[in-house]
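To keep things clear, I will list the structure first and then write my remarks on it.
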There are 2 protein chains.
Amino acid sequence: MSITEEAPVRVARSGGRNARRNLRAAPLADDVRPIRAGLEGTTYKPLSEADVEKVHGAVLDVLENIGLSQATPTCIEACESLGAIYGEDGRLRFPRDVVMGVVASANRDFALHGRDPKHDMHPQGSKVHFGTAGAAVHVVDVEKNEYRESYLRDIYDAARIVEGLDNIHFFQRPMVARDVVDPKEMDLNTLFACLSGTTKHIGTSFTLADYVPDALQMMYRVAGGEEAFRARPFVSNSNCFVVPPLRFAADACDVLEECVKGGMPVLLLSAGQAGATAPAAIAGAVVQAVAEVLAGLVYVNALAPGHPAIFGTWPFVSDLRTGAMSGGSGEQALLTAACGQMANFYNLPGGSAAGMCDAKMPDIQAGWEKGIAYVLAGMAGTNLVYEAAGMHGSLMGFCLESLFLDNDALGQAQRCVRGIEVNDQTLSIEAMRDVCVDGPGHYLGHGQTLELMQREYLYPDLANRFSPKEWVELGKPDIVQMAIERKKKVLAEFFPDHVDEETDAALREEFVIHLAREHMGR
Amino acid sequence: MSITEEAPVRVARSGGRNARRNLRAAPLADDVRPIRAGLEGTTYKPLSEADVEKVHGAVLDVLENIGLSQATPTCIEACESLGAIYGEDGRLRFPRDVVMGVVASANRDFALHGRDPKHDMHPQGSKVHFGTAGAAVHVVDVEKNEYRESYLRDIYDAARIVEGLDNIHFFQRPMVARDVVDPKEMDLNTLFACLSGTTKHIGTSFTLADYVPDALQMMYRVAGGEEAFRARPFVSNSNCFVVPPLRFAADACDVLEECVKGGMPVLLLSAGQAGATAPAAIAGAVVQAVAEVLAGLVYVNALAPGHPAIFGTWPFVSDLRTGAMSGGSGEQALLTAACGQMANFYNLPGGSAAGMCDAKMPDIQAGWEKGIAYVLAGMAGTNLVYEAAGMHGSLMGFCLESLFLDNDALGQAQRCVRGIEVNDQTLSIEAMRDVCVDGPGHYLGHGQTLELMQREYLYPDLANRFSPKEWVELGKPDIVQMAIERKKKVLAEFFPDHVDEETDAALREEFVIHLAREHMGR
C-alpha cells in the first residue's frame, strides 16, 4: 500500500538486537575498525588525466617563463645552485629540467611522527589524513552565540580535545594566542601548548627566524635530546614561504632555512585566494599554487637534498561579489581536491585545506559545507587535509565544540574514502540463496550480517539515529548541546601529562611560559 | 608574521565591489548559470571498472539461478514471453540472454516531462537531477521542535515551494496525506495536490490498480486530453513492484500494468535495506537491487516494448546495531552512488535515493549527512536523485523549511558535479603574466575575474558568508530562522494556478477533492 511502500523497514526489537548491541560494546582492534588514518582515496578524480597533464604543462611554463619575485639572497643562491636563473627583472625562474629533477629526487617516503608512535602518519600514495590548522583570531563561543578573542589556553584545550578524537589525525595550531603580546613568546607558548596537549603530530609556525633556535631547544628537550627529535621529528613547520601571486616572503624564507637546519619537516604552504591573489579560474588557481609550491620544493632541496617537505597547495576561494574569502563554497571543495590530486600526480606527500566553512556557528550550513569538502578532499587522495576540524567563519573562528561534531562528520567522510569492497563474499550470492531460497526471507540473523556489522559499518558518536518516537522519549537530544557537554567534560577531566612535571619545570625555567599550571590541572 | 600568515585576505571595500554587486543583480541567462539541471557527473567512480563487471556478473547469476518469487500470473506470462522460466519452486528465473536482450532494447532516450517544458528532464548518460520523494508520515515542525502528522495540504505546500527552487528539479510526492482516510481518495488527492502545486515533473504512487483509471482521467484532463498526456507524460508512477529480497509485490505489479497501459513512465523501485531485506555487504546490496530492477525491466518491456522505465535501484542501509534504517550514513552514500554508477554502466536512465538524513531537525548533522550524500550521488552521475530535499529522520519526517536549506546545499553539490574546466583560458598563464609581471599584483580587477564571477561561481541563497563583524552588525542571522521566514512568505503569497479554475471545478465535480480552495488562495 502506498503509505508504506517507500517507507523504511522498521525491525521489531528482538533477542538478536541485544546480542548485536553487546557485540558492539567490545572495543574493536585497529585492523578491523571500519575506518582509520591513512585510508586510500582513489575513487574521485576532479581532473581527467589529460587535464592533469595540462595543469602540469602550465606549471612548468609559469616557473620557466614568469618565475617568482622577491627571493632573498640565500634563496637565490640556493636555487641557482640547482640551475634556477635570477633575471635582471628581479624574478627567479626555474627551467623545467631543474623542476623535474627536484621532483624526481625529492623525499617522498618520510613519515610525520607523533610523540606517540601510534599516531605516526605515512602521507604516501593516496593515503588520507585529516587534522586541524589555521590562525583563527576568535574562538566561537557556541553557548553565547558569539565570537571572542582566542587565547593561549584555547590552543591547549583544542590540543587535548584532539588527542582523544579518533578521526582527527594531527594537530596543527588552529588559533592565535592573542593574550600573548610578544611575538616570540607567542610562538614559543603556542608550541608549548601544543606539546602539552597532544601526542599527535604537531604543526606550528614562527614569525621570525630568530625565534626558531629557542623553539628547537624546546622540542629537543621534550624529545629527550636533539638526536631523538631528528630521528622522529614530531613537529613540522607550517611555512608560508610565498605570498601569492608568485612572490617569496622574506621572513618566512628565513624561518624555513632555520627549520630545515633544525631537522623539522616543512609544510610548503601556498595560500593564494582565487580572484584576489590567485586567478579566478579554478584551474588557474591550481596552476599558480602548484608552481609556487614546486619553487619552494626546489628551494628546500637546494638547502638540504631530501629534506622532508610537504607539497602544501592551499589555494582559497573568494566570493567574487565582495572579494571576501569563501571557505565553504563548492568551488573551494573542488580546488582543494584538485590540489590533492596534483600532489598524487607528482607522487609527493601533499596537504591542502578543506572544511573551513563559511558558517559562523555549527549549524546546518556548517554541516553541508564541511561534509562536501571532506569527502571531495578525501576521495581525491589528499594526503593531509588541514583546517578540517573546528574551523568556522572562513578561518576567522575556531570552535571547540565543533571538534567533537566534525570528528563525527569526518568519520562518515572516511567511511566514504574507504569505499566499497567487491569480492566473492561481499557480492553475497550465497547469502541471497541462503535467505531467499532456503531461509527466512530476511538477512537480520545471517552470519554475514553479524560479521560485517563490526568491520564494514561505522557508528557515529554524537549523531543520532533514533526513530522520532525514541527521540521524543529521550528528550529530543540536540547535537550541539551534546557537544557542549562533551567539551566541558573533557576540559574538566582530561589533563594529559605528555610533558612530564620535570620537563615542564625546566621549560618554565628557561622560557617565559604563560600557560598557567592550574589550567593544566597541575 | 604568524598571526596573519594563514589568515584569509580580506579585501577592502572599493568601487569595484559595488560594480561587481550590480553586475550580479542582473538575472543570469540559463546557459551561463554556473549550475543547472542535467550537469554531468563523471568524476567519481565508487566502483572500479573491474568491480562493475563483477557486480554485473553476480546480477546475471542471481537472475538466472535464484530468480524472484511471488510473481503474479500476468507477470509470469509476460516474462515467459521473453524467455523467463517459471520453476516448480515458484521462482521466476531470467536467463542472461533474456536480461541482456532487454537491456539492449530498452528505451533509454525518453524525457521526463514537466507540465512546463522548461522543466523537462533528460536523464541520459551521466546527467544529474535532484528531487523530492518519499512517504514520510510526519511533518517536521521546526518552530515547535516536533514531528506532527502529515496532511494533504502539506503535500500541496511542498509542491508550490519546490516550484520556485532552482536546484530541485522534480517533485515526487514526499509525504502521506494522513488526513485522507480512504486509500483511493488519498491517492487521487495526493495527485491533485501535486498537480496544483508544481509544473515540474511529478512522481506518485497508487495503492491498487483499481484506482489508476481515475488518476489517469485526472492527468488527462489537466493535460488537455489523453493524447496530450501521452505525448508529454508529466507524471510518472513510483512503483515498488518488488518486496526485497527477490519477491514480486502483487498489488504494485497490478498497478504497474495499469500505468504502463495508461502511458505513464514507471519508476521501477527496489527499496531493500542492507542488513535486513538486502545483504549487509554494500556490494551485495547493489547486486540484489540491480537484479530486482532488471527483472522489473524485463517485465515492463514484456508488457510494452520500449515503455519508459527508470532503473530505480534504491537500496537503503541499516544501523546493524538495531536494524533500524540509517539514511544519513556514509555506507548509504556509497550504496546510492554505486547504484547510480550501475545505471550508467547499463546506459539506462537511473534513479536512487540520497539525502534522507538521520537527523531529526535541520541541524549540523543533517547538513553533513545531506552534503556528503548529495555530492557522492551527483558526482557518480546518478540521473535522478530522489529523496534529496526536505527529508529527515530516515524518511520518517518531511520538513518544508529544509526545502529552502537543501536547495542551497544542492546548489553547492551541483557546483561540485559541474567540476573544473581546464583549457587555455582557465589555465590562466596570461592572467598571471598580466598581474605578476606587468600588473598590480592582484587579480581583483582583472578582466578574467569579472567574467568568471558570473559563469563559474555560485552564490548561495540563504547560506551566509559574512565576516564575523558583519554577522554581528546584521543581528547574527540564523539560517534556520531565515528558512522559516522564507517558508511563511512563500506559503502566504505564492498560489500557483497551474490547474486553472475551470479544470479545478471540473475535477472537484468528478472526484472527492479534500484540498480546500481557501488553502489554495481561491
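The values are calculated or read from the model by the stated rules, or taken from the named source; none is laboratory data. Predicted model, so just to flag it, every value in this text is computed and none were measured. Because the Cβ atoms are built from the backbone with ideal geometry, glycine has one as well, and the counts that use them run over all protein chains shown. With ligands, DNA and RNA removed, areas are computed over all heavy atoms of the protein, side chains included. Shrake-Rupley method; radii C 1.70, N 1.55, O 1.52, S 1.80 Å.
Among the residues of the range B:313-362, write down those that are surrounded by fewer than 24 Cβ atoms within 10 Å (Cβ to Cβ), closer than 16 Å to B:A281 by Cα and away from chain A (no Cβ under 11 Å).
Matches in the range B:313-362: none.
Out of (1) closer than 23 Å to B:E387 by Cα; (2) touching a Leu at 6+ places or on another chain (Cβ under 8 Å); (3) open to solvent by 10 Å² or more (accessible area, probe 1.4 Å); (4) of a type outside the set (D, E, K, R), what's the single condition that is false for B:V180?
Just one mismatch for B:V180, condition (3).
Considering (1) open to solvent by less than 40 Å² (accessible area, probe 1.4 Å); (2) out of contact with any Phe, Trp or Tyr (no Cβ under 9 Å at 6 or more places or on another chain); (3) of a type in the set (V, I, T), say which one A:V140 fails and leave the rest.
The number of the failed condition is (2).
Can you run down the residue pairs with Cβ atoms below 8 Å, 6 or more apart or on separate chains, where the first is in the range B:124-146 and away from every other protein chain (no Cβ under 13 Å) and hydroxyl-bearing (S, T, Y) and the partner is in a loop (DSSP other than H, G, I, E, B) and surrounded by fewer than 24 Cβ atoms within 10 Å (Cβ to Cβ)?
B:S126/B:T42
Six or more apart or on different chains, Cβ under 7 Å: which pairs go from a residue in the range A:265-291 that's over 18 Å from A:Q341 (Cα atoms) to one that's assigned to a loop (DSSP other than H, G, I, E, B) and β-branched (V, I, T)? Could you list them?
That search, which allows pairs on different chains as well, returns A:Q273/B:V9; A:A276/B:V9; A:A276/B:V11; A:T277/B:V9.
Of all the residues that make up the range A:421-437, how many are buried (at least 24 other Cβ atoms within 10 Å of the Cβ) and within 30 Å of A:I168 (Cα to Cα)?
Count: 2.
Determine if the range A:386-393 includes at least one residue that is in a helix (DSSP H, G or I) and either among the aromatic types (F, W, Y) or facing chain B (nearest Cβ under 9 Å) (or both). Before the answer, list the steps.
Residues of the range A:386-393 that are in a helix (DSSP H, G or I), as a first pass: A:393.
Then drop every residue that is not either among the aromatic types (F, W, Y) or facing chain B (nearest Cβ under 9 Å) (or both), which leaves A:393.
Yes.
Pairs, please: C-beta under 6 Å, at least 6 apart or cross-chain, first residue away from chain B (no Cβ under 11 Å) and in the range A:168-186, second charged (D, E, K, R) and open to solvent by less than 10 Å² (accessible area, probe 1.4 Å)?
Within 6 Å, the pairs are A:F170/A:K200; A:F171/A:K200.
Inside the range B:442-478, can you point out the residues that are facing another protein chain (nearest Cβ under 7 Å) and within 24 Å of A:R247 (Cβ to Cβ)?
B:H442, B:Y443, B:L444, B:Q448, B:T449, B:L452 - these are the residues of the range B:442-478 that are facing another protein chain (nearest Cβ under 7 Å) and within 24 Å of A:R247 (Cβ to Cβ).
For residues that are at the interface with chain A (Cβ under 8 Å from one of its Cβ atoms), part of a strand (DSSP E or B) and of a type outside the set (K, R), scanning just the range B:236-272, find the one that is farthest from B:L63 (Cα to Cα).
Selected residue: B:S238.
Please specify each residue of the range B:293-325 satisfying the condition of being assigned to a helix (DSSP H, G or I) and either in contact with a Lys or Arg (Cβ under 9 Å, 6 or more places away or on another chain) or over 30 Å from B:E258 (Cβ atoms) (or both).
Residue satisfying the conditions is B:L303 alone.
Please work out which residue is farthest from B:A377 (Cα to Cα), limiting yourself to the range B:32-52 and to residues that are in a helix (DSSP H, G or I), within 11 Å of chain A (Cβ to nearest Cβ) and aliphatic (A, V, I, L, M).
B:A50
Within the range B:53-63, restricting attention to residues that are open to solvent by 10 Å² or more (accessible area, probe 1.4 Å) and either away from chain A (no Cβ under 11 Å) or closer than 30 Å to B:V375 by Cβ (or both), which residue is nearest to the chain's Cα centre (by Cα)?
Here the answer is B:H56.
Does the range A:82-121 hold any residues that are open to solvent by less than 20 Å² (accessible area, probe 1.4 Å) and in contact with a helix residue (DSSP H, G or I) (Cβ under 8 Å, 6 or more places away or on another chain), and which are they?
A:A84, A:R91, A:L92, A:F94, A:V98, A:V99, A:V102, A:V103, A:A106
For the range A:427-522, please list each of the helices (runs of 4 or more DSSP H) lying entirely inside it that holds at least 3 residues being free of Cβ contacts under 8 Å to residues at least 60 places away in the same chain and more than 30 Å from B:E369 (Cβ to Cβ).
A:501-510
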